[in-house]
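The values are calculated or read from the model by the stated rules, or taken from the named source; none is laboratory data. No experiment lies behind these values; they were computed from the predicted model shown. In this analysis, Cβ positions are derived from the backbone assuming ideal geometry, glycine residues included, and neighbour counts consider all displayed protein chains. Heads up: the accessible areas ignore ligands, DNA and RNA and are worked out on the full protein's heavy atoms, side chains in. Shrake-Rupley method; radii C 1.70, N 1.55, O 1.52, S 1.80 Å.
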Amino acid sequence: PTFETTELYTVTTEGTSANITYTEVGGSCYKNVEMDITEASAGKNYLHLVVTNNGENPVRFRVNVVDMALVDAGAQNMSTNDSATVNGNSAWTDHEWGGSFFDLAAGETYEIVIVFKGEVEKLQLMPDSSKNDSSVNAGNITISEIKFATVGEIEIPEDPNDPPEDPNEPPAN
């Protein structure tokens, strides 16, 4: 990931993970860390990422998959998020203002999936900037395993340890 440090967030990238630290994020400031996803998301509509809350407090985490043409047109909702899950459970996606929202407990790791529409150019992450209470922030999160795919074309390889469909057939090696 190539998220860049901003006035509120410090980003350290190591391999395929990005650690984001912060102290001065105010509630409802809607500041973000973003990366260009134009090439990676071309022809795709599915985003997967893993978020670890390394802080001592919960984090309110908002994710936008952004169509810059909507931004340029002055649209109220520039996010193309259609639906979202966290650890396989539905998460709230705001279709009026945009973005998918996740409340992530301290010390926990979460798998987030977002289905989006259209051609997109930016991935925006808003750790703790989309909540009303700015007195308590997590202050330290790690983003990893960012992947793009197309829903319906995702192939999950068979686990060689799964039992065979025919109980008389030995398991694959």
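Extension gain for the segment SER17 to ASP94, taken as residue separation times 0.36 nm less the Cα-Cα distance, is 25.0 nm to one decimal. Sorting VAL120, VAL86 by solvent-accessible area of protein heavy atoms yields VAL86, VAL120, largest first, with a 1.4 Å probe.
Using only alpha carbon pairs under 8 Å that are at least six residues apart, calculate the relative contact order of segment 18-118 and give it in whole percent. Relative contact order of segment 18-118: 33 percent.
From the alpha carbon centroid of segment 89-131 to that of segment 21-79 is 7 Å. So if R0 is 35 Å, what FRET efficiency would GLU7 and ASN87 give, r being the distance between their Cβ atoms, rounded to the nearest 0.05? Between GLU7 and ASN87 the formula returns 0.65.
With contacts taken as Cα pairs under 8 Å and at least 6 residues apart, the chain reaches a relative contact order of 33 percent. Would you work out if segment 40-83 is rounded, prolate or oblate? Take a ≥ b ≥ c from the square roots of the eigenvalues of the alpha-carbon gyration tensor; rounded if a/c is under 1.5, else prolate when a/b is larger than b/c, oblate otherwise. Note, shape of segment 40-83 comes out oblate. For the chain, the number of Lys pairs with C-alpha atoms closer than 15 Å, counting only pairs eight or more positions apart or on separate chains, is 6.
The figure for THR2 is an accessible area of roughly 100 square angstrom, using a 1.4 Å probe on the protein chains alone. Working from Cα pairs under 8 Å separated by at least six residues, relative contact order for segment 7-72 is 17 percent. Ordered by solvent-accessible area of protein heavy atoms (1.4 Å probe), largest first, the residues GLU145, GLU39, GLU34, GLU4 come out as GLU39, GLU4, GLU145, GLU34.
Rolled with a 1.4 Å probe across the full set of protein chains, the surface gives TRP97 an accessible area near 140 Å². Per-residue accessible area (protein heavy atoms, 1.4 Å probe) orders MET68, MET35 as MET68, MET35, starting from the largest.
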